[in-house]
1. Residue by residue through the range 336-361, note down the ones that are among the polar types (S, T, N, Q) and assigned to a loop (DSSP other than H, G, I, E, B).
2. For the range 25-35, name all the residues that are within 20 Å of the chain's Cα centre (by Cα) and surrounded by fewer than 20 Cβ atoms within 10 Å (Cβ to Cβ).
3. Need pairs with beta-carbon distance below 7 Å; first residue within 20 Å of N55 (Cβ to Cβ) and within the range 356-373, second of a type in the set (D, E) and assigned to a helix (DSSP H, G or I); sequence gap 6+ or separate chains.
4. So A278 fits all but one of (1) closer than 27 Å to V162 by Cβ; (2) without any contact (Cβ under 8 Å) to a residue 24 or more places away in the chain; (3) part of a loop (DSSP other than H, G, I, E, B); what number is the exception?
5. Output yes when any residue across the range 305-315 is surrounded by 18 or more Cβ atoms within 10 Å (Cβ to Cβ), in a helix (DSSP H, G or I), touching a residue at least 12 places away in the same chain (Cβ under 8 Å) and within 16 Å of the chain's Cα centre (by Cα), and no when none is.
6. Scan the range 140-162 for residues that are touching a Gly at 6+ places or on another chain (Cβ under 9 Å) and assigned to a helix (DSSP H, G or I) and report the count.
7. Return the residue satisfying two criteria in turn: it lies in the range 219-247 and is in a helix (DSSP H, G or I) and in contact with a Leu (Cβ under 8 Å, 6 or more places away or on another chain), and of such residues it is surrounded by the fewest Cβ atoms within 10 Å (Cβ to Cβ).
8. Looking at V109, V165, which is the one that is under 17 Å from A82 (Cα atoms), part of a loop (DSSP other than H, G, I, E, B) and touching a Phe, Trp or Tyr at 6+ places or on another chain (Cβ under 6 Å)?
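Readers should treat all values here as calculations from the given coordinates under stated rules, not as data from a laboratory. The model shown is predicted, which means the values in this text are computed figures rather than measured ones. All Cβ positions, even for glycine, are placed from backbone atoms using ideal geometry, and neighbour counts span all protein chains on display.
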Amino acid sequence: MRKQIYFSFLMVFFITGTVNAQKLPLKKDVLGIINKANTYWQTNNKPQVRSFWDNAAYHTGNMEVVALTKNESYLKYSEDWASHNQWMGAKSTNKSDWKYKYGETDDHVLFGDWQICFQTYIDLYHLKPEAYKIARAKEVMEFEMSTSQNDYWWWADGLYMVMPVMTKLYKTTGNQKYLDKLYDYFSYANSIMYDSEAKLYYRDAKYVYPQHKSVNGKKDFWARGDGWVFAGLAKVLKDLPKSDKHRNEYIAKFKGMAEAIHKSQQQEGYWTRSMLDADHAPGPETSGTAFFTYGILWGINNGYLSKKTYFPAALKGWVYLTKTALQETGKVGYVQPIGEKAIPGQIVDANSTANFGVGAFLLANCEMYRYLKK
C-alpha cells in the first residue's frame with residue numbers, strides 16, 4: 001500500500017514537472033519573437049527621425065537586441081538614427097539658453113527627454129570607440145553636473161531617460177561626479193514622487209495622493225510611469241560599481257517596487273494602466289507590462305529577486321506580451337499612446353502601437369532569452 005502511494009506521488013510529481021517544463025518557451029522561439037517584432041518595426045519605420053524620448057526609447061530596446069544577436073542590420077538602424085541626429089539630443093549651442101523643464105525645441109538641452117538618446121550613442125561608442133559619438137553626451141551632462149540645480153528629474157519617466165546615461169558615462173570615463181550627481185538628482189525625485197507606503201512612484205508631483213485620486217478614490221500609480229522607474233533602476237544596477245556607497249538604497253528601491261508590482265499584476269498577466277485601481281482604466285496595456293516583465297526578469301537573472309517568487313509573474317507577463325500584444329504581422333499592440341496618466345475610457349487595442357512600446361517589448365524578450373540561456 002505504502003509503495004502504491006509513493007508511486008502515485010512520484011507520478012503526480014513527474015506529470016506536474018513535465019507540465020511546468022512545457023510552459024517554458026524555447027530559446028529559438030523567443031529569438032523568433034524578437035526578430036518578428038523588430039523586423040516589422042524597422043521595415044515600417046525609417047530611422048531618420050528626431051532623437052526625442054519616444055524614438056530613443058525604442059533604440060534602447062534595439063541595442064539590447066544587437067547585444068544579444070550581433071545582427072548587423074539592427075545595428076545599422078541605430079547607427080543611421082544616431083548619424084541623422086548628429087549624435088546629439090536637443091541641438092542648441094548657446095548654454096545660457098539651455099532649459100530643463102518640458103519642451104520639444106532645441107533649447108531644452110537639459111530636459112531628460114532629449115538625453116535618453118545618449119544611452120544608445122554610448123552603447124554604439126563601445127562597439128566602435130570614436131570620440132565624436134559621445135562628445136555631446138559628455139558636454140551636456142558635464143554642464144548639468146556643474147550647476148547648482150538638483151531638480152532635473154521632476155517626472156517619473158526622467159529616471160529611465162537619464163539615470164542610465166549617468167552610470168554608462170561613469171563606466172566610460174571613470175568620473176565619480178556622475179555617480180555623486182546621480183544620487184543627488186535621484187534623491188530629489190524621491191522627495192516629490194515616491195510613496196514609501198506603496199513603494200511606487202507617482203508620475204509627478206501633480207498626481208500625489210490625496211491631491212489626486214483614481215476614480216474609486218485610490219492612489220493612482222500609472223503603470224508606464226512606474227515601468228520607466230523600475231526598468232531604469234535595473235539599468236543603473238547593471239552599471240553601478242559594487243563599491244558605490246548608495247548601492248543598497250538603489251537595491252532597496254528596486255526590490256520594494258518589485259514587491260508592489262508583483263502584487264498588482266492581473267490574473268491575465270498584464271498590468272492595468274492605474275496599477276492599484278484596475279477599474280480606473282481597465283484592460284490590457286503593453287508598455288507598462290513590458291517594462292515590469294523586463295525588470296522582474298532582469299532582477300531574477302542578476303540575483304536580486306527570488307526565482308521561486310517572481311518567475312511565475314514574469315512568465316505570465318511574457319505570455320501576455322507574446323500571445324496577446326504581439327500580432328500575427330509582428331505589430332506590438334495594446335500600447336497606451338503618449339501621455340502621462342491612466343485615462344478612463346481611452347481606447348487601447350490590438351492596433352495601438354508605438355516606438356517606445358516596441359522598445360520595452362524587446363527589452364522583456366531579451367531578458368527572457370537570457371533567463372532560458374542560464
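1. Going through the range 336-361, the residues among the polar types (S, T, N, Q) turn out to be 336, 346, 351-353, 355.
Hits for the range 336-361 are Q336, Q346, N351, S352, T353.
2. Within the range 25-35, the subset within 20 Å of the chain's Cα centre (by Cα) is 30-31, 33-35.
Selection gives L31, N35.
3. Close Cβ pairs (under 7 Å, with a partner that is of a type in the set (D, E) and assigned to a helix (DSSP H, G or I)) amount to F356/D54; L362/E64; L363/E64; C366/E64.
4. Looking at each condition in turn, A278 falls short on (1).
5. We begin by selecting, within the range 305-315, every residue surrounded by 18 or more Cβ atoms within 10 Å (Cβ to Cβ); these are 305, 310, 313-315.
Pick out the ones that are also in a helix (DSSP H, G or I) and you get 310, 313-315.
Of the ones still in play, those that are also touching a residue at least 12 places away in the same chain (Cβ under 8 Å) are 310, 313-315.
From what's left, within 16 Å of the chain's Cα centre (by Cα): 314.
Checking the range 305-315: at least one residue is surrounded by 18 or more Cβ atoms within 10 Å (Cβ to Cβ), in a helix (DSSP H, G or I), touching a residue at least 12 places away in the same chain (Cβ under 8 Å) and within 16 Å of the chain's Cα centre (by Cα).
6. The qualifying residues number 7.
7. Narrowing the range 219-247 to residues in a helix (DSSP H, G or I): 223-239, 247.
Among the residues that remain, those that are also in contact with a Leu (Cβ under 8 Å, 6 or more places away or on another chain) are: 226, 228-229, 231-233, 236, 247.
Working: D226: 27, W228: 28, V229: 26, A231: 27, G232: 26, L233: 27, V236: 25, R247: 15.
Checking each candidate, the answer is R247.
8. Values: V165 fails: part of a loop (DSSP other than H, G, I, E, B).
Testing whether each residue is under 17 Å from A82 (Cα atoms), part of a loop (DSSP other than H, G, I, E, B) and touching a Phe, Trp or Tyr at 6+ places or on another chain (Cβ under 6 Å) leaves just V109.
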